[in-house]
Amino acid sequence: MQIIYTDVLVIGGGLAGQRAAIGAKRRGHDVIVLSLVPAKRSHSSAAQGGMQASLGNCLGAAGDNEDIHFTDTVRGSDWGADQEVVRMFAHTAPKAIRELTAWGVPWNRVQRGDHEITVNGEKQTVTEADAAHGLITSRNFGGTQKWRACYVSDGTGHAMLYTMSNQAIAENIPVHERMEAMALIHEDGRCCGAIVRNLMTGELLAYVAKATCIATGGFGRIYRVSTNAVINEGMGAAIALETGIATLGNMEAIQFHPTGIFPAGILVTEGCRGDGGLLLDAQEHRFMPDYEAEKAELASRDVVSRRMEEHIAAGHGAQSRFGEHLWLDIRLLGKQHINTNLREVKEICQYFLGIDPVTQLIPVRPAQHYSMGGVRTNHRGESPQLRGLFSAGESACWDMHGFNRLGGNSVAETVVAGMIVGETMADFCDSTAGALNISTALVEKFGRRQQQLLSGISDTGGSESAFELLKLMQETMTGNVGIFRHGERLQEAVTTLQSLQQRSQHIRLRSSAAGANPELVAAYRVQRMLKLAQCVAYGALQRTESRGAHFRADYPQRNDLEWMRRTLATWPDKNAMLPTLDYETLNIMNMEIPPGWRGYGAKDYIEHPDTARRQQQIDSVLQGMEGANRHTQQETLMPFKHLLPPHLRGNNQRLGDEQ
Amino acid sequence: MKQIPVKQLARTLHIQILRHNPCDPQSEPRLQTFELEEADAMTLFIALSDIRENQDPSLQFDFVCRAGICGSCGMIINGRPGLACRTLTKDLPDRITLAPLPAFELIGDLSVNTGKWMRGMSEQLETWVHSQGLEQASIDTLEATMEPELAEQLYELERCIECGCCIAACGTAQMREDFIGAVGLNQITRFQLDPRDQRSDADYYQLVGDDSGVFGCMTLLGCEDMCPKQLPLATQIAFLRRRMASV
């Protein structure tokens, strides 16, 4: 088996992986990026509407800053997020966008003068200031107090990923394309690289690295209806889980996006609603204000998706030959706006639905969209259990989204996390802990194990079809572990998944094609996906409360008293039929914002006694600090800057600030 | 909105695929036909997945986003390059012939190595902003301004998804392995337009001022006709040629 040596191995060629790679490379370390597909085809490219960063340039963003971005994100998370991480993120997001600007992303800019905008179905005229002309503009998104989503038409992810990839090429970072990490090599709690399969030839090889970073994105494809690309099968999270040592955090926290086109599940951006689009029912009645008086279509995604499903269940869905759905109406935005700011949406409607959204309604229904959970890391992106293992982006749970992510916070997170975790890995490689002492015998052992696993699948003597098992898993997840969850249905899902796990040990391959063999790929992936699905279903079953996107019809209240806890899943025994769940407490007494009402959604929650205590503490601290600036106040309540790499600690300048 | 159900007989599609697995020394390129019952709103993504799952699990093809965004699934569909994921079978006749994109290394069946080709093109043309002191630039201070219209023009050229359809549709690319094609030339015009890139026309001439570059184009316009993103490729090439001819 060929062994390739490098300092840093990044698994995943999306925004997070490539930015982490650039960071480590700039610190003088050799880096190799592995990618299932050509890096520019990664799922980051599918992000449409925008990247959240509190630049505060345009009128709708005036007065925005890190504090408001922080508050919105914590509320969005339904207090499930790690507030220190959210602070690090909100502080670094403007830097991330400015770096990308220098690298070439053609962000849409503020145009001085009068503009017609659409708010609450009505036209208004706003006037942008001369001083802001030519700075990066932003649009409105759900769950935010300001227009904060910076965008490149509705191809934001595409523009960001191309710029990032080109920068990685400029930095001479090799991307080994069509390579799949099959297992992490580890010994005595130290990760030292991965066994990798070449998806063109089927050959196994080993990559030995001081630092290994999982940046493989989400695992939406465990669901039948998902906006995710077909490659989002969670193999990075799965190989971390299969070490039996690394933990996965909050796997039950799954986001459903309100506007997947029906029935294909292809995403149309939240920017449609941010720019003034409306949700209508079968009678073409705008129903969201009936449920959410204040935020209407622009409440957070978990709330809007739930309201939509509730409305369909109440009999207001539009009928079609594929089932029921609702309508997204962007006609009121006008042709000019759609043709310039929502052109990908227009193309998607045209090609997949055969409609023109300038004159016709778009059929939509919530679809699985994002995995808040993932490989548990600390605020620096390090696995607390497995030294030398790191994770960044959607595949990680460091944990800035808690139980619901805000739109536009994911692409922002990818770049910010890449900026931070790249430095963490460089620090690690520079330190004595980074030195690697590894025997090739160990590498061979892990390689042989994968080889045996693959030949075992080709020779089970069973009769199951990998594709069939995949379908059954996806049906189970969409049917039983979706937006509305219930103990009985979750129990049913856990049992079904267990039986599928058993059946997946008896797959029969019909093809023995030379090379990668797509059927073999499906077979080993479905075995791993079933484990991830089980972490989601079992974690959801155990979490007897409702928080963010995790809604239990049988436990409809958020329960801070018992559930200010993050779920940690491990799979120590490879023959076990369930993950081992453990929990870590989120300490309210360390929070900058103790749990409260989000400003949208249900107002009904069970309070923790610490909430009042912490609030009192905060109030008295702030009382003694009248006149101090916001940075000093914040620093006193919950210091975070020391957690950031030194070059990312500076304050962010905004329009009107002194340089 | 009640609809009267009308029973329509589903079409049987005859999908003929050019098969070859270079990993298998026994494999000979051949055409193989699969029959498939057409479903509502069926795309070639759905059809090919169905064939792989139910008829021939060894069939190789590439899909990623299945939404026309990532550029993975370029192939020759009834003689014309296009994105398979957003091609609806209802827009095609009963007999559909699929072949891999020419000019790229074949991985197997409909899967070709566009990634390797595009990376080579990017390295050759240095498709990134060339700017002094990029690493030292402050990321704390206000970003440099840009005219809103210019940003929109840049995005217009940056919408390219590197799917390879323009290369497959290009006469020169079939004859000259080193021709960088419309995808490459378009990217040069994108960076030329970008004030952040400090390269001069003389620098660009070094990159594209010969027959492997802008002077290799025979103006057959296949690239623009076949571009799934309708990029103004012919105009950009003509513009670039004029600029380069005057260097």
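For A:SER463, A:SER439, A:SER391, what's the largest-to-smallest order of accessible area, 1.4 Å probe?
Numbers: A:SER463 95, A:SER439 60, A:SER391 0 Å².
Correct descending sequence by accessible area is A:SER463, A:SER439, A:SER391.
Going down the list A:LYS123/A:LYS295; B:LYS90/B:LYS229; A:LYS40/A:LYS335; A:LYS123/A:LYS335; A:LYS40/A:LYS346; A:LYS40/B:LYS90, which pairs span over 25 Å between their C-alpha atoms? Mind dumping the intermediate values first?
Details: A:LYS123/A:LYS295 18 Å; B:LYS90/B:LYS229 21 Å; A:LYS40/A:LYS335 30 Å; A:LYS123/A:LYS335 14 Å; A:LYS40/A:LYS346 22 Å; A:LYS40/B:LYS90 30 Å.
Over 25 Å Cα-Cα: A:LYS40/A:LYS335; A:LYS40/B:LYS90.
Please compute the average number of Cβ atoms from other chains found within 10 Å of each residue's Cβ in peptide B:52-63. Kindly include the intermediate steps, with their values, before the conclusion.
Details: counts 5, 9, 3, 1, 5, 15, 11, 4, 7, 1, 6, 5.
Average per residue, whole number: 6.
If eta is 1.567 mPa s and T is 4 °C, what Stokes-Einstein diffusion coefficient results for region B:183-247, Kirkwood Rh from Cα pairs, in µm²/s? Kindly include the intermediate steps, with their values, before the conclusion.
Details: Rh = 12.1 Å.
Approximately 107 µm²/s, per Stokes-Einstein.
What's the carbon and sulfur percent of chain A's accessible surface, probe 1.4 angstrom, rounded to a whole number? Please report the intermediate quantities before stating the final value.
On the way: 9800 of 21130 Å².
Roughly 46 percent of what the probe reaches on chain A is carbon or sulfur.
Quick check for you: with a 1.4 Å probe and neighbouring chains kept, what is the accessible area per residue of the protein assembly as shown, in Å²?
Details: 32390 Å² over 906 residues.
That works out to 36 Å² for each residue.
For A:ILE355, list long-range residues whose amide hydrogen, built 1.01 Å from N in the peptide plane, is under 5 Å from its own amide hydrogen.
Answer set, sorted by chain and number: A:GLN350.
Please check chain B for the longest run free of trypsin sites (Lys or Arg not before Pro) that are loop-located per DSSP (anything but H, G, I, E, B) and have at most 16 other Cβ atoms within 10 Å.
Values: sites that count: B:LYS2, B:LYS7, B:ARG11, B:ARG176.
In short, B:12-175.
Just B:THR189, B:THR235, B:THR97 to compare: in a GNM of chain B, with alpha carbon springs under 10 Å, which one fluctuates most?
Result: B:THR235 has the largest fluctuation of those listed.
Consider all pairwise Cα distances in region A:270-415 and report the whole-number % of them above 24 Å.
On the way: 4714 of 10585 pairs.
Tail of P(r) above 24 Å: 45 percent of Cα pairs.
Which whole-Hz couplings ³J(HN,Hα) result when phi for each residue of region A:309-319 is put into the Karplus expression 6.51 cos²θ - 1.76 cosθ + 1.60, θ = phi - 60°, listed in order with x for Gly and Pro?
5, 4, 5, 5, 4, 7, x, 9, x, 7, 8
Just in region A:563-659: which GluC sites (Glu not before Pro) are loop by DSSP and have at most 15 other Cβ atoms within 10 Å? Working shown, then result.
Details: sites: A:GLU584, A:GLU592, A:GLU607, A:GLU626, A:GLU635, A:GLU658; in loops: A:GLU592, A:GLU607, A:GLU626, A:GLU658.
Answer in residue order: A:GLU607, A:GLU626, A:GLU658.
Please compute the average number of Cβ atoms from other chains found within 10 Å of each residue's Cβ in peptide A:147-158. Write out the running numbers ahead of the final one.
Working: counts 0, 0, 0, 0, 0, 6, 6, 0, 6, 1, 1, 8.
That average works out to 2.
Just need the Rg to Rh number for region A:566-659, please, alpha carbons only, Kirkwood Rh.
Working: Rg = 19.7 Å, Rh = 17.5 Å.
Here Rg/Rh amounts to 1.12.
Relative to the first principal axis of the alpha-carbon coordinates of chain B, what is the inclination of helix B:148-158, with its axis defined by its Cα atoms, in degrees from 0 to 90 and to the nearest 10?
The angle comes out at about 50 degrees.
What total accessible surface area, summed over both chains, is buried at the interface between chains A and B, computed with a 1.4 Å probe and given in Å² to the nearest 100?
Values: alone 24250 and 14520 Å², together 32390 Å².
In total, chains A and B hide about 6400 Å² from solvent.
So what is the relative contact order of chain A, in percent, for Cα pairs below 8 Å that sit 6 or more residues apart? Before the final figure, lay out the partial values.
Numbers: 1540 pairs, mean separation 126.9, N = 659.
Taking the mean separation of contacting Cα pairs over the length of chain A, I get 19 percent.
Scan chain B and hand back the longest stretch that contains none of the GluC sites (Glu not before Pro) lying in DSSP loops with at most 10 other Cβ atoms within 10 Å.
On the way: sites that count: B:GLU135, B:GLU177.
Value returned for the longest uninterrupted segment is B:1-134.
Could you report the accessible area of A:MET589 in Å², rounded to 10, computed with a 1.4 Å probe on the protein chains as they sit in the structure?
Answer for A:MET589: close to 40 Å² accessible.
Just how many % of Cα pairs in region A:38-167 lie over 21 Å apart, if you round to the nearest whole percent? Walk me through the numbers on the way to the answer.
Numbers: 3715 of 8385 pairs.
When every Cα pair of region A:38-167 is considered, 44 percent fall beyond 21 Å.
Tell me which residues come under 5 Å, amide H to amide H, from A:LEU55 once H is placed; ignore anything under 5 positions away on its chain.
none
Where Lys and Arg each count +1 and Asp and Glu each count -1, what net charge lies around A:GLY317 among other residues with Cβ under 10 Å from its Cβ? Spell out each step's value before the answer.
Working: positive: A:ARG365; negative: A:ASP281, A:GLU309, A:GLU324.
That works out to -2.
What is the Rg over Rh value, at two decimals, for chain A, using alpha-carbon atoms and the Kirkwood definition of Rh?
Numbers: Rg = 23.9 Å, Rh = 25.1 Å.
Dividing the radius of gyration by the Kirkwood radius yields 0.95.
Among DSSP beta bridges lying fully in chain B, give the percent that are antiparallel, nearest 5.
Numbers: 17 of 21 bridges.
Here the antiparallel bridges make up roughly 80 percent for chain B.
Taking 20 °C and 1.002 mPa s as the conditions, I'd like the Stokes-Einstein D for chain B in µm²/s, using the Kirkwood hydrodynamic radius from alpha carbon pairs. Don't skip to the answer; put the middle values down first.
Working: Rh = 20.2 Å.
It comes out at roughly 106 µm²/s.
Partner chain Cβ atoms within 10 Å, averaged over the residues of B:122-133 - can you pull that number for me? Write down the numbers at each step before the final one.
Working: counts 7, 3, 0, 0, 3, 6, 11, 8, 2, 3, 0, 1.
That average works out to 4.
For A:LEU34, list long-range residues whose amide hydrogen, built 1.01 Å from N in the peptide plane, is under 5 Å from its own amide hydrogen.
Here A:VAL10, A:ILE11, A:GLY12, A:HIS176 satisfy the definition.
Per 5 Å bin from zero, what fraction in whole % of the C-alpha pairs of region A:15-78 is there, up to the bin with the longest pair?
Final binned percentages: 3, 13, 15, 14, 15, 16, 15, 8, 2.
Report, to two decimal places, the Cα Rg of region A:331-455 normalised by 2.2 N^0.38 Å (N = number of residues). All intermediate terms of the calculation are to be shown ahead of the outcome.
Working: Rg = 22.5 Å, N = 125, 2.2 N^0.38 = 13.8 Å.
In units of the globular-protein estimate, region A:331-455 measures up at 1.63.
Residue by residue, what Karplus-based ³J(HN,Hα) values in Hz, rounded to whole numbers, does region A:93-108 have, using 6.51, -1.76 and 1.60 with θ = phi - 60° and x for Gly and Pro?
My calculation for region A:93-108 gives 4, x, 5, 4, 6, 6, 5, 4, 5, 5, 7, x, 5, x, 3, 5 Hz in order.
In the Gaussian network model of chain B, springs joining C-alpha atoms below 10 Å, which of B:ASP178, B:ASP109, B:ASP40 carries the largest mean-square fluctuation?
B:ASP40
Give me the Å³ per residue figure for the convex hull around the C-alpha atoms of region A:200-354. Can you show the working numbers first?
Numbers: hull volume 29.5 nm³, N = 155.
Output value, Cα hull per residue: 190 Å³.
Tell me, what are the semi-axes, in whole angstrom and largest first, of the equivalent ellipsoid of region A:474-582 as set by the roots of 5 times the Cα gyration tensor eigenvalues?
Equivalent-ellipsoid dimensions as semi-axes: 32, 14, 11 Å.
Rounded to two decimals, what ratio of Rg to Rh does region B:1-129 give with C-alpha atoms and a Kirkwood Rh? Mind showing how you got there, number by number?
Working: Rg = 17.0 Å, Rh = 16.1 Å.
Reported Rg/Rh (Cα atoms, Kirkwood Rh): 1.05.
If you fit an axis through the alpha-carbon atoms of helix B:44-54 and take the longest principal axis of the Cα set of chain B, what angle between them do you get, 0 to 90°, nearest 10?
50 degrees
Output the direction-averaged projected area (hull surface divided by four) of the convex hull of the alpha-carbon atoms of region A:221-297, in nm². Working shown, then result.
Numbers: hull surface 28.7 nm².
Directional mean of the projected Cα hull area for region A:221-297 stands at 7.2 nm².
Report ³J(HN,Hα) in whole Hz for each residue of region B:190-200, in order, from the Karplus equation J = 6.51 cos²θ - 1.76 cosθ + 1.60 where θ = phi - 60°; Gly and Pro get x.
Values per residue, Gly and Pro as x: 5, 6, 4, 6, 8, x, 6, 8, 8, 6, 9 Hz.
Quick one: pull the percentage of alpha-carbon pairs in region A:88-236 with a separation above 17 Å.
Numbers: 8427 of 11026 pairs.
Across region A:88-236, Cα pairs with separations above 17 Å total 76 percent.
Considering Cα pairs under 8 angstrom that are at least six residues apart, work out the relative contact order of region B:1-160 and quote it in whole percent. Present the calculation step by step, with values, prior to reporting the outcome.
Details: 201 pairs, mean separation 33.8, N = 160.
Over region B:1-160, the number comes to 21 percent.
Sorted by accessible area with a 1.4 angstrom probe, largest first, how do B:CYS23, B:CYS223 fall? Display every interim value, and only then the final one.
Details: B:CYS23 45, B:CYS223 20 Å².
The ranking, largest first, comes out as B:CYS23, B:CYS223.
Using all alpha carbons of region A:359-407, what is the percent of pairwise distances in each 5 Å bin, ordered from the shortest bin to the longest?
5, 19, 23, 15, 11, 8, 6, 5, 4, 3, 1, 0
Using the Cα atoms as the points, what is the convex hull volume per residue of region A:390-479 in Å³?
On the way: hull volume 14.0 nm³, N = 90.
It is 155 Å³ per residue.
The values are calculated or read from the model by the stated rules, or taken from the named source; none is laboratory data. Keep in mind it's a predicted model, so treat the numbers as computed, not measured. A quick note on method: Cβ atoms are made from the backbone with ideal geometry, for glycine too, and the neighbour counts reach across all protein chains shown. Heads up: the accessible areas ignore ligands, DNA and RNA and are worked out on the full protein's heavy atoms, side chains in. Shrake-Rupley method; radii C 1.70, N 1.55, O 1.52, S 1.80 Å.
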